[in-house]
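**Student:** First the structure, which I've put down as structure tokens, then a few questions once you've had a look.
The values are calculated or read from the model by the stated rules, or taken from the named source; none is laboratory data. Just so we're clear, the structure is a prediction, and the values are computed from it rather than from any experiment. In this analysis, Cβ positions are derived from the backbone assuming ideal geometry, glycine residues included, and neighbour counts consider all displayed protein chains. Surface areas here come from the heavy atoms of the whole protein model, side chains and all, with no ligands, DNA or RNA. Shrake-Rupley method; radii C 1.70, N 1.55, O 1.52, S 1.80 Å.
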Amino acid sequence: MRVLVLGSGRRWRIESCFARALGRAGHEVLLLDDRRLARTIGRLATQRWVRWRADRFRPDFVLLSKCLGLDLETVDHLVRDRDNAMWYSDAQWFTHADVREDIAHIAAVARRARTLWLPAFVDEWRAMGYHARLLPFAADREIVPAPPRAELAAEVAFLGTGYDPERARFLVALAKQVKLRVWGLGWEKWRGQLDWAGAPVEGRAFAEVCSSAALTLGITAANAKGHPFYTDRMFIVMLAGGCYLGEGGRDAERMLAGGEHCIWYDSLDDCVAKAKRWLADADGRRRIREAGERFVREHHTYDERVSHFLSGAPYEYPL
């Protein structure tokens with residue numbers, strides 16, 4: 001099958017992971033990075049080029065994403081008389097569909113898709129009239145652990161952006177109880193309260209941080225509370241060699257077993273207690289790391305997820 005994928009061409013972005021997984025499944029794949037094209041050749045030229053390239057490719061299936069570099073008329077052209085679906089990674093922003101221009105555009109693209117696949121907040125999108133279905137995040141199977149590096153060692157590592165003051169307060173409080181190190185942009189305001197490494201990390205460097213830390217922390221964003229799988233972070237961390245300590249919530253135990261594949265917490269106090277308990281148990285952490293990586297490779301890679309786009313089969317929880 002010829003599959004056209006719209007989205008980011010950067011190696012570790014989700015659409016690139018989808019494209020590689022589809023290719024491994026034996027499909028002929030064309031990935032078009034509409035936003036990069038719009039920045040490079042201009043928005044008007046992007047519409048003409050994308051239409052021309054797609055028509056020449058003659059896809060059997062079109063997988064849409066945010067399509068922020070495309071006009072709605074171009075999206076209409078791409079999906080007309082073609083089987084299609086859309087994947088939207090930032091489902092928690094359903095509350096801003098009538099407020100923010102970019103979210104409104106994404107919501108309009110979703111109206112044009114035959115199926116809207118979401119990692120979370122499916123009921124909320126259905127209530128807005130969308131043909132929404134559940135398909136959780138996953139991770140690229142090419143992610144692997146790295147040899148630990150002494151200079152990256154930490155009791156607890158957090159990798160993420162400092163855009164959420166609530167997240168920052170959590171980290172500052174946790175840092176008073178355990179040796180915490182933070183990687184990512186946007187933490188200048190809290191540099192005096194956190195051991196901040198400064199730069200973000202991805203790819204091999206991300207795996208080195210996860211493999212070098214005793215625990216790798218996940219914190220649910222304020223606008224996604226109760227929905228731990230609004231993100232792919234836990235799956236990436238676990239394939240990258242991390243022992244994942246994450247905030248639980250809806251369907252957590254149907255996706256990953258706490259104490260077996262990862263460690264779930266439900267509050268700051270619980271996070272502190274769980275961190276201290278598992279920091280004192282190196283053998284237990286190693287067991288969780290190994291079991292978690294095996295389970296994610298078996299059940300939570302994009303090689304499993306992409307089959308749902310093409311078949312329409314409903315997602316079934318592994319636990």
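**Student:** Give the aspartates and glutamates whose C-alpha is closer than 17 Å to that of Lys274, dropping any in the same chain fewer than 8 places away, or say none.
**Tutor:** Glu155, Glu247, Glu253, Glu260, Asp266, Asp283
**Student:** Using each residue's phi in the range 9-18, evaluate 6.51 cos²θ - 1.76 cosθ + 1.60 at θ = phi - 60° and report the 3J(HN,Hα) Karplus result to the nearest Hz, with x for Gly and Pro.
**Tutor:** x, 5, 3, 9, 6, 4, 5, 5, 5, 4
**Student:** In addition: Where in the range 154-259 are there chymotrypsin sites (Phe, Trp or Tyr not before Pro) that are in a DSSP coil and have at most 13 other Cβ atoms within 10 angstrom of their Cβ?
**Tutor:** Within the range 154-259, the qualifying chymotrypsin sites (Phe, Trp or Tyr not before Pro) (loop, at most 13 other Cβ atoms within 10 Å) are Tyr163.
**Student:** Right, something else. What number comes out for accessible area per residue over the range 200-292 if the probe is 1.4 Å? Units Å², please.
**Tutor:** I get 35 Å² per residue for this part.
**Student:** So for His27, His300, what's the accessible-area order with a 1.4 Å probe, most first?
**Tutor:** Order by accessible area, largest first: His27, His300.
**Student:** Mind checking which of Ala257, Ala214, Ala127 has the largest fluctuation in a GNM of the chain, springs on alpha carbons under 10 Å?
**Tutor:** Ala127
**Student:** Lys276: which lysines have alpha carbons under 16 Å from its alpha carbon, excluding same-chain residues fewer than 8 sequence positions away?
**Tutor:** Qualifying lysines at Cα under 16 Å: Lys176, Lys179.
**Student:** Just need the relative contact order of the chain here, percent rounded to a whole number, with Cα pairs under 8 Å and 6+ apart.
**Tutor:** 15 percent
**Student:** Moving on. More than 22 Å apart: what percent of Cα pairs in the range 139-226 qualify?
**Tutor:** 25 percent
**Student:** Carbon-plus-sulfur fraction of the accessible area of the range 181-319, 1.4 Å probe, in percent?
**Tutor:** For the range 181-319, the apolar C and S fraction of the accessible surface comes to 48 percent.
**Student:** A follow-up question, please. Considering the chain as a Gaussian network with a 10 Å cut-off on Cα pairs, which listed residue, His96, His227, His105, attains the greatest mean-square fluctuation?
**Tutor:** Of His96, His227, His105, the Gaussian network model singles out His96 as fluctuating most.
**Student:** Right, next: Can you send over the solvent-accessible area of Lys179, 1.4 Å probe, protein chains only, in Å² to the nearest 10?
**Tutor:** In the full protein context, Lys179 sits at about 150 Å².
**Student:** Quote the relative contact order of the range 112-159 in percent (integer), defining contacts as alpha-carbon pairs under 8 Å separated by 6+ residues.
**Tutor:** Contact order relative to length: 30 percent.
**Student:** From the phi of every residue in the range 37-49, what ³J(HN,Hα) in whole Hz does the Karplus formula 6.51 cos²θ - 1.76 cosθ + 1.60 yield, where θ is phi - 60° and glycine or proline is x?
**Tutor:** Running phi through 6.51 cos²θ - 1.76 cosθ + 1.60 with θ = phi - 60° gives 4, 4, 6, 8, 10, x, 5, 5, 5, 4, 4, 5, 5 Hz.
**Student:** So what's Rg/Rh here for the chain, counting alpha carbon atoms and using the Kirkwood radius for Rh?
**Tutor:** Rg divided by Rh gives 0.98.
**Student:** Still on this structure: Counting other Cβ atoms within 10 Å, which GluC sites (Glu not before Pro) in the range 211-273 have at most 16 and lie in a DSSP loop?
**Tutor:** Glu260
**Student:** Now, a different point. Which number do you get for Rg(Cα) / (2.2 N^0.38 Å) in the range 57-116?
**Tutor:** The range 57-116 yields a ratio of 1.10.
**Student:** Oh, and also: Using Cα-only point scatterers and the Debye equation, what is log10 of I(q)/I(0) for the range 223-286 at each q in 0.14, 0.22 Å⁻¹, rounded to two decimals?
**Tutor:** Debye curve over Cα of the range 223-286, log10 I(q)/I(0) at q = 0.14, 0.22 Å⁻¹: -0.39, -0.96.
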